[in-house]
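Single-structure report; data block below.
The values are calculated or read from the model by the stated rules, or taken from the named source; none is laboratory data. Source: prediction; values computed, not measured. For neighbour counting, all protein chains shown are included, and Cβ atoms are generated from backbone atoms with ideal geometry for every residue, glycine included. Remember, those area values only see protein heavy atoms, side chains included, never the ligands or the DNA or RNA. Shrake-Rupley method; radii C 1.70, N 1.55, O 1.52, S 1.80 Å.
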Amino acid sequence: MIRGMTPKEDTPGGEQSRGALRGAVRGTSLEERITGALVGAAVGDALGGPVEGHSPDQILERHGGRVHGVVGPWHGEDWRTARPIAPYHKGDGHVTDDTLMTHALVRVYARVRDHLDAYAIADHLVPDLMTNPRWIPELEAEALPLHRIFLAEKWLVARLHYGHVDPREAGTGNIVNCGAAMYMAPVGLVNAANPAAAYAEALDIAGAHQSSYGREAAGVLAAGVAAACAPGATPDSVVTACLSLAKDGTRDAIEKVCDVARRHTGFESALGPLRKAVAPYDTVGPDYRSPSLGARRPSRLHAIEELPVALGMLTVARGDFRQAVLGAVNYGRDCDSIATMAGALAGALGSPVPEDWAKTVAEASRLDLWEPGRTLAEATREIFERDVRRRRAHERAFAGMGEPGCSD
């Protein structure tokens with residue numbers, strides 16, 4: 001087991017040009033980017049899980065320093081009973097529901113072999129959660145994913161399967177949180193290098209799960225992952241793509257957080273300033289375990305905390321996977337989801353996921369973290385070929401109307 005609890009200095013980054021990418025593999029292929037994003041998301045999830053819900057100061061005290069790798073459960077051997085509402089083994093390299101939902105969405109793409117919408121969530125994702133037992137690392141047992149996903153995700157089953165709600169509207173009424181955004185990386189990967197398409201597809205998919213700024217965050221995260229796949233992409237180009245599409249409080253929060261992030265070259269100095277920058281947009285409030293009265297309610301003025309901070313940590317790290325994920329983990333609060341998003345973005349940019357982390361998480365979780373990447377890459381190529389045929393048919397139809405400049 002890898003345990004990293006020794007205080008370390010931030011990795012210097014001042015010599016890097018603004019927005020430059022540290023540690024990226026140049027000329028990274030589609031499959032490498034897809035696999036890097038999905039493995040990176042799972043690793044970030046597993047590292048962040050055991051310290052979720054706590055502040056940077058609490059993490060520092062609990063671990064005798066910053067977390068620099070896989071650590072054990074916050075409550076040690078009492079993890080089963082310390083939090084009865086969530087009796088999950090978070091820690092020791094176990095992935096959480098973020099990864100379970102991400103892999104479930106990959107399976108839907110593998111089945112449909114085309115772009116998805118809210119109806120695909122009702123027709124394929126929900127039955128998968130309800131009927132196919134899988135190994136659940138945090139339960140240390142084979143069980144239905146439905147038995148592990150949390151209340152905001154169980155909403156999908158309640159509304160779509162039992163409530164027969166229109167899938168495009170089923171997300172209305174759910175708490176507004178990062179529940180949809182946390183597993184939207186596959187949408188960005190299927191639409192690699194096309195942020196606008198990723199944004200639109202994710203908004204449609206997320207309509208079955210979320211509303212308001214929770215749904216918006218899902219679209220923007222997918223757009224960011226798609227932008228990260230483009231040749232020559234940098235953290236700055238990813239943030240620019242996100243800002244070009246984001247709306248309302250989500251856009252403002254990303255802009256403010258990333259402006260602050262550019263002033264830092266290591267996550268240690270950025271932890272407090274990033275929280276201060278996002279606080280006016282976050283409805284949860286200063287005590288993550290005791291949300292404010294207005295927490296997670298629809299609004300055009302607010303944003304989920306996780307996405308802006310993930311983009312901020314990506315910016316602080318200049319795209320380096322290790323530093324972006326460690327910054328997200330040590331930020332605390334909903335840090336498994338923050339690190340999931342930061343890991344997906346950095347992995348899509350081509351920054352290598354540390355092999356020791358990936359191996360430890362795969363073994364501890366009893367999951368093949370690389371298979372979803374191969375599966376989604378194959379589906380993505382088929383979907384792209386479908387898109388090209390559809391585009392060519394549209395061009396021919398447009399030319400048939402006598403428009404100049406349109407021909408075979």
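Within segment 353-408, the set of residues being more than 23 Å from Met101 (Cα to Cα), touching a helix residue (DSSP H, G or I) at 6+ places or on another chain (Cβ under 9 Å) and either assigned to a helix (DSSP H, G or I) or open to solvent by 70 Å² or more (accessible area, probe 1.4 Å) (or both) comprises Phe384, Asp387, Gly405, Ser407, Asp408. The combined condition, being at pLDDT 95 or above, among the acidic types (Asp, Glu) and within 28 Å of Ser290 (Cα to Cα), is fulfilled by Glu52. Screening Ile175 with (1) part of a helix (DSSP H, G or I); (2) open to solvent by 50 Å² or more (accessible area, probe 1.4 Å); (3) of a type outside the set (Lys, Arg) gives one miss only, at (1).
Just for segment 291-333: of the residues that are more than 25 Å from Ile175 (Cα to Cα) and small (Gly, Ala, Ser), which one is surrounded by the fewest Cβ atoms within 10 Å (Cβ to Cβ)?
Step by step, filter segment 291-333, then rank; the result is Gly319.
State all residues of segment 97-121 that are surrounded by fewer than 18 Cβ atoms within 10 Å (Cβ to Cβ) and among the β-branched types (Val, Ile, Thr); if no residue qualifies, say none. Answer for segment 97-121, where residues must be surrounded by fewer than 18 Cβ atoms within 10 Å (Cβ to Cβ) and among the β-branched types (Val, Ile, Thr): just Val112. Pairs linking a residue in segment 30-57 that is without any contact (Cβ under 8 Å) to a residue 12 or more places away in the chain to a residue that is among the aromatic types (Phe, Trp, Tyr), with Cβ atoms under 7 Å and 6 or more positions apart or on different chains, do not occur. Taking first residues from segment 137-164 that are in a loop (DSSP other than H, G, I, E, B) and partners that are open to solvent by 60 Å² or more (accessible area, probe 1.4 Å), the Cβ contacts under 7 Å between residues at least 6 apart in sequence or on separate chains come to Leu144/Pro133. The set of residues in segment 68-91 that are open to solvent by 30 Å² or more (accessible area, probe 1.4 Å) and under 22 Å from the mean Cα position of the chain (by Cα) contains only Lys90.
It is to be established whether one or more residues within segment 51-66 are open to solvent by less than 40 Å² (accessible area, probe 1.4 Å), under 26 Å from Gln323 (Cα atoms) and touching a Cys at 6+ places or on another chain (Cβ under 8 Å). Within segment 51-66, one or more residues are open to solvent by less than 40 Å² (accessible area, probe 1.4 Å), under 26 Å from Gln323 (Cα atoms) and touching a Cys at 6+ places or on another chain (Cβ under 8 Å). When the helices (runs of 4 or more DSSP H) confined to segment 187-270 are screened for residues that are open to solvent by less than 30 Å² (accessible area, probe 1.4 Å) and in contact with a Cys (Cβ under 6 Å, 6 or more places away or on another chain), those reaching at least 2 such residues are found at 212-228.
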